[in-house]
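Right, one structure below, let's go through it.
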Amino acid sequence: MNFEFRQRKIKPSIIALSICIGLVLGTVFVLLGGYNVLEVYSYLIRGSLGSVSALSSTIRWTTAFLLCGIASGIAFKGGMFNMGTEGQLYMGAISATLVGIYCKGLPAIAHIPLCMLAGMVAGAIWASIPALLRVYWNTSEIVVTLMMNYIAINFTSFLVKEYFLTTGVFGDSLTTDELAATARFPVFGGSPISFGFILGTLLIIAYILFFTKSKRGFEIKVSGVNPDFAKFSGISVNKVRISVMLMSGMVAGLAGAAEIMGVQGRFLSGFSPDFGTSGMLVALLGNSSGIGIYISAIFMGILKAGSLTLERSAGVSRALAVVIQALIICFVSVKTLKVFDFKKKEGSGKE
Amino acid sequence: MITASIIAPILRVMTPILLCALGGVYSERSGTGNITYEGSMLVGTFTGVVGSYFTGSALVGVLCAVAGGVLVNLFYGMLRIKMGGDNVVCGFAVNSFSIGVTTYLLRTIFHTNGTLSDSRIQGLYKLRIPVLKDIPIIKYFVTNQTLLVYFALLMVFVTAIILKRTKFGFAIRACGENPMAAATVGVNVNRTRWICLVITGMLCGLGGAQMALGNLTQFSEDMVGGRGFIALAAVILSKATPLGVLCTALLFGFAEAYANLLQLTSISSYLILMIPYAAVILILVLQPERLKELKRRIGMRRKLPQV
């Protein structure tokens, strides 16, 4: 039974080609739905890049995808398929919310890091369970993390409903009280959203430096690509796997915290439109490289913001974005597309 | 708390998982590394409901569900076998695609978001046998169940026989265990894998039909809710043996049926919804072999100081 995941090198040209194929097949779906293709694509672009509010919507989604993408990317680098970023995100979000609500009287400069720390710790704890089970018990981390997503979503809803339900006007929706003002992200350039984006950008830089310059980053890369080789060269693969999952969980928890502190302002049960899956798509599309993740997160952000506008104004389901994304990923990992990889052909011709 | 009446819901909720996991046995044994059960089942539920909605016939609905499941697996097969994709990445992408495409088509065809439930959707025929429904325990087995329940149970034995006793079964196992050797003795590895994928698709589609036309008569976004992954866990746990799959599916069915029962009590429904998923992890952890290994390890530790 081979459910081991190995990171594979993907060339940028193949990624570009898969994006083209994804968009073409997506167009087929648009045509099948009987919509006007030009109108659909113009809404997609106008809704994501056309105005200031559209741009801020794009940045809002990009931030979440970026953080989740980093979370998945770290795990992929270490050869773990962490499908549980969604659950870790929920756990991070709820603990950041609770710290944000109940630790009153702190100045913003202490409160914000404290909330983020709470989110990171909760995410890491949630990720440690599948990691430990995988390393010491040899249970498939894919299945365990998936199951823990459903558990986390229900568990947070339970916590909110039983203990932290807000008293007020929100009717049936399960929400907590609003965060203290000191726990919200500071306003940068007109909206609090951009702070998260800056945070994500800094993290990406740290990610690149970690994997290119540091010894631990190298160890992680080696044990992701070839665990046997890593073992023989004296790297403790088990330790690497656990640490990779912990880091992945930390960033996923941070993503949840950032979503609450930057966008939502309160914990709403089931708030995430499957950020975890989107993050995995981002990391896969970006080949888990720092710059790749950054670019593909922006791409996904554009697609998401555009598809929301598309649904509002043209009545086309926002799931169109998911269809296009998934189709792109389908073709990214495929080998035969390399036939079309012209550079490689030229290279082999010269030899 | 638990009475014999729980048998009926166990059978009902176990069937989709069992059908799907049985399909998974074929995929797994032939070495395709398929993890698209979730997506196949979801597309199966959708096409099943669509077929039933437009024709008003449950049978057509079931056939459409089967076709939907097969289509997803053919797509996966194209990516995996024809184009050599990574099984985890492709499987994950196909699952994600299935969620997207069903949501998109639901909106496009029916102009609704979320849930489609309509009186035009024809549910599956439910068994009612006059005499048997009055016999104490047996009545739970034969009353108000769809025929798919019995088909699933029958398929356990059919699958076992196919894998153990037929040439095709040998070919499947050979492809999974040693594809090179299988190819050497003249088994067409790719063709066998394609057939297995199609069988998987059919069974997953049937599982979807049981969910959307048997247990409920509606379609809602992401209605499978991880049952495909539970089926995957069942396949992994049982090492892809039909009887093992039946046992694990029974366990999961019990967890889910028991959770449904508990929902009538005052315990928070969110805690109860966690039970089936927690059960999967618990069963994964408490596998007999793992426990044996643990015993051995503990035994070693005890012995060590004496050495």
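The values are calculated or read from the model by the stated rules, or taken from the named source; none is laboratory data. Remember, predicted model here, so these are calculated numbers, not experimental data. Please note: Cβ atoms are built from the backbone with ideal geometry, for glycine as well, and neighbour counts cover all protein chains shown.
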- Task: Looking only at segment A:276-286, decide whether some residue is under 20 Å from A:A54 (Cβ atoms) and within 11 Å of another protein chain (Cβ to nearest Cβ).
- Result: yes
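Just to check your reading of the model, which residue among A:M91, A:M83 is buried (at least 24 other Cβ atoms within 10 Å of the Cβ), at pLDDT 90 or above and within 14 Å of chain B (Cβ to nearest Cβ)? Even if it seems obvious, please write down each step before you answer.
Details: A:M83 fails: at pLDDT 90 or above.
Every option except A:M91 fails the conditions.
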- Query: Just for segment B:262-278: of the residues that are at the interface with another protein chain (Cβ under 9 Å from one of its Cβ atoms) and in a helix (DSSP H, G or I), which one is modelled with the lowest pLDDT?
  - Reply: B:S269
- Message: If I go through segment B:106-118 residue by residue, how many of them are at the interface with another protein chain (Cβ under 8 Å from one of its Cβ atoms) and either hydroxyl-bearing (S, T, Y) or in a helix (DSSP H, G or I) (or both)?
- Response: 3
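Tell me yes or no: at least one residue of segment B:216-231 is assigned to a helix (DSSP H, G or I) and at the interface with chain A (Cβ under 9 Å from one of its Cβ atoms).
Of all residues in segment B:216-231, those assigned to a helix (DSSP H, G or I) come to B:227-231.
Add one more test, that the residue is at the interface with chain A (Cβ under 9 Å from one of its Cβ atoms), and what stays is B:229-230.
Checked segment B:216-231: at least one residue is assigned to a helix (DSSP H, G or I) and at the interface with chain A (Cβ under 9 Å from one of its Cβ atoms).
Tell me, please, whether a residue that is touching a strand residue (DSSP E or B) at 6+ places or on another chain (Cβ under 7 Å) and farther than 30 Å from A:A283 by Cα can be found in segment B:98-113.
Quick first cut of segment B:98-113, residues touching a strand residue (DSSP E or B) at 6+ places or on another chain (Cβ under 7 Å) only: B:106, B:110.
Checking which are farther than 30 Å from A:A283 by Cα leaves us with B:110.
The answer is yes; a qualifying residue exists.
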- Message: If I go through segment A:214-236 residue by residue, how many of them are touching a helix residue (DSSP H, G or I) at 6+ places or on another chain (Cβ under 6 Å), assigned to a helix (DSSP H, G or I) and over 15 Å from A:M80 (Cα atoms)?
- Response: 1
- Could you say whether any residue in segment B:144-163 is among the β-branched types (V, I, T) and assigned to a loop (DSSP other than H, G, I, E, B)? no
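Determine whether B:L243 is under 27 Å from A:L174 (Cβ atoms), in a helix (DSSP H, G or I), out of contact with any Leu (no Cβ under 9 Å at 6 or more places or on another chain) and more than 9 Å from chain A (Cβ to nearest Cβ). Give the steps one after another, and end with the answer.
Numbers: under 27 Å from A:L174 (Cβ atoms): no; in a helix (DSSP H, G or I): yes; out of contact with any Leu (no Cβ under 9 Å at 6 or more places or on another chain): yes; more than 9 Å from chain A (Cβ to nearest Cβ): yes.
Judged against the criteria, B:L243 is not a match.
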- Note on the structure: If we ask which residues in segment A:286-330 are touching a Gly at 6+ places or on another chain (Cβ under 7 Å) and in a helix (DSSP H, G or I), their number turns out to be 18
- Is there a residue being touching a Lys or Arg at 6+ places or on another chain (Cβ under 8 Å) and within 13 Å of A:E259 (Cβ to Cβ) anywhere in segment A:73-90? no
- Task: Among the residues of segment B:88-109, write down those that are free of Cβ contacts under 8 Å to residues at least 12 places away in the same chain and among the aromatic types (F, W, Y).
- Result: B:Y104
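I'm checking my understanding of the structure. Among residues of segment B:17-37 that are part of a helix (DSSP H, G or I) and over 8 Å from the mean Cα position of the chain (by Cα), which one is surrounded by the fewest Cβ atoms within 10 Å (Cβ to Cβ)?
Within segment B:17-37, the first condition is being part of a helix (DSSP H, G or I), and the residues that meet it are B:17-29, B:37.
From what's left, over 8 Å from the mean Cα position of the chain (by Cα): B:25-29.
Working: B:V25: 29, B:Y26: 29, B:S27: 31, B:E28: 27, B:R29: 24.
For segment B:17-37, the residue satisfying everything is B:R29.
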- If you check B:A249 against the conditions, is it of a type outside the set (F, W, Y), within 30 Å of B:C64 (Cα to Cα) and either away from chain A (no Cβ under 12 Å) or in a helix (DSSP H, G or I) (or both)? yes
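Results for (1) of a type in the set (V, I, T); (2) within 17 Å of A:M247 (Cα to Cα), shown as yes or no for each residue.
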residue: A:A122; (1), (2): no, yes
residue: A:N138; (1), (2): no, no
residue: A:I151; (1), (2): yes, no
residue: A:T176; (1), (2): yes, no
residue: A:L203; (1), (2): no, yes
residue: A:Y207; (1), (2): no, yes
residue: A:F218; (1), (2): no, yes
- Note on the structure: Per the filter on segment A:257-281, residues in contact with a Leu (Cβ under 7 Å, 6 or more places away or on another chain), among the hydrophobic types (A, V, I, L, M, F, W, C) and assigned to a loop (DSSP other than H, G, I, E, B) are none
- One residue from A:G105, A:G100 being assigned to a helix (DSSP H, G or I) and over 19 Å from the mean Cα position of the chain (by Cα): A:G100
- When both residues are 6+ apart or on different chains and their Cβ atoms are under 8 Å apart, which pairs have a first residue that lies in segment B:240-258 and is on the phi > 0 side of the Ramachandran plot, and a second that is modelled with pLDDT under 90 and of a type in the set (A, V, I, L, M)? B:A240/A:M1
